[in-house]
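Peer 1: Can you read through this structure? Questions will come right after.
The values are calculated or read from the model by the stated rules, or taken from the named source; none is laboratory data. It should be emphasised that the depicted structure is a prediction, and the values quoted were computed from it without experimental measurement. With ideal geometry, Cβ positions are generated from the backbone for all residues, glycine too; neighbour counts draw on all protein chains shown.
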Amino acid sequence: MRLPLIKHFTEFVEQNDADFLQETIETLESVTEVSSLKDEELDVIGELLSNMYGALEVSAMIKEGKPKKEALNEFMKRVVGAIDK
């Protein structure tokens with residue numbers, strides 16, 4: 001996961017709506033079913049999807065009242081903690 005992408009997607013949700021991001025996720029997930037995709041292409045799509053899902057989680061924390069910076073830091077700590085296990 002890349003924090004700059006998560007920040008960008010979070011700002012997109014703030015300016016527009018989470019539904020736009022959710023629909024993009026659904027579209028990309030559908031694209032992954034194309035059998036002719038190369039592994040590298042699937043990796044890129046997977047990376048985008050994980051960052052979009054992360055942005056939705058951060059956006060939910062912000063909506064609950066957490067400051068953006070705190071929500072981003074908390075999310076990234078959770079991700080890093082999961083990787084370290």
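Peer 1: Could you tell me which of the residues LEU42, LEU37 is surrounded by 11 or more Cβ atoms within 10 Å (Cβ to Cβ) and in a loop (DSSP other than H, G, I, E, B)?
Peer 2: Numbers: LEU42 fails: in a loop (DSSP other than H, G, I, E, B).
After ruling out the rest, the residue left standing is LEU37.
Peer 1: Can you find, within the range 1-18, the residue that is surrounded by the most Cβ atoms within 10 Å (Cβ to Cβ) among those that are of a type in the set (D, E, K, R) and touching a residue at least 40 places away in the same chain (Cβ under 8 Å)? Steps first, answer last, please.
Peer 2: Narrowing the range 1-18 to residues of a type in the set (D, E, K, R): 2, 7, 11, 14, 17.
Subset that is touching a residue at least 40 places away in the same chain (Cβ under 8 Å): 2, 7, 14.
Numbers: ARG2: 12, LYS7: 17, GLU14: 14.
The residue in question is LYS7.
Peer 1: Out of (1) closer than 17 Å to LYS7 by Cα; (2) loosely packed, with under 14 Cβ neighbours inside 10 Å; (3) under 14 Å from the mean Cα position of the chain (by Cα), what's the single condition that is false for PRO67?
Peer 2: (3)
Peer 1: From LEU56, LEU21, LEU28, which residue is surrounded by fewer than 16 Cβ atoms within 10 Å (Cβ to Cβ) and either outside any helix (DSSP H, G or I) or modelled with pLDDT of 95 or more (or both)? Don't jump to the end; show me each part of the working.
Peer 2: Details: LEU56 fails: surrounded by fewer than 16 Cβ atoms within 10 Å (Cβ to Cβ); LEU21 fails: surrounded by fewer than 16 Cβ atoms within 10 Å (Cβ to Cβ).
Exactly one residue qualifies, and that residue is LEU28.
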